[in-house]
Amino acid sequence: TAGVAAEALFEAIASEAQRRIVDFNPQEIAKMAWAFACAGWDRSRVFLELGAVAAERLVDLNEKDKSQLYLVVLYFQIEWPDLNFPLASHLGSFKAAYVREEP
């Protein structure tokens, strides 16, 4: 959001994503979760729904998807330590897929 508050924009994207999430492929789920995490989105419901759908499609995730989801799981655990993220039990395999990108 380039340092500009965009609550209405993120709410609209989140609402549309929640409406269409069953149609998302694994890559779209990972990218959507990653985009919300990068923007510092603070609505746990979106991450919980994305995580639940991704958990159902684990076999379809490629290494890049897993790498992105590794960072999403870490973000979720920092933001909401008392909530159980659906993908938390897969942190080890996501971490194994993680490749740090140099800036």
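Each value in this text was obtained by applying a stated rule to the coordinates, not by laboratory testing. From a predicted model like this one, the values you see are computed outputs, not experimental measurements. Neighbour counts run over all protein chains shown; Cβ positions are idealised from the backbone, glycine included.
If you scan the stretch 57-85, which residues turn out to be among the aromatic types (Phe, Trp, Tyr) and surrounded by fewer than 18 Cβ atoms within 10 Å (Cβ to Cβ)?
If the condition is that a residue be among the aromatic types (Phe, Trp, Tyr) and surrounded by fewer than 18 Cβ atoms within 10 Å (Cβ to Cβ), then 80 is the only one that fits.
So, residue 9, is that one farther than 19 Å from residue 83 by Cβ and buried (at least 16 other Cβ atoms within 10 Å of the Cβ) or not?
Taking the combined requirement at face value, the residue does not satisfy it.
Tell me which residues, restricted to the stretch 20-36, are within 9 Å of the chain's Cα centre (by Cα) and among the aliphatic types (A, V, I, L, M).
29, 30, 32, 33, 35, listed by residue number.
Identify all residues within the stretch 23-33 that are surrounded by 14 or more Cβ atoms within 10 Å (Cβ to Cβ), in contact (Cβ under 8 Å) with a residue 12 or more places away in the chain and out of contact with any Leu (no Cβ under 7 Å at 6 or more places or on another chain); write none if there are none.
Within the stretch 23-33, 24, 27, 31 meet the criteria.
Pick from 88, 54, 39: which is buried (at least 16 other Cβ atoms within 10 Å of the Cβ) and within 13 Å of the chain's Cα centre (by Cα)?
54
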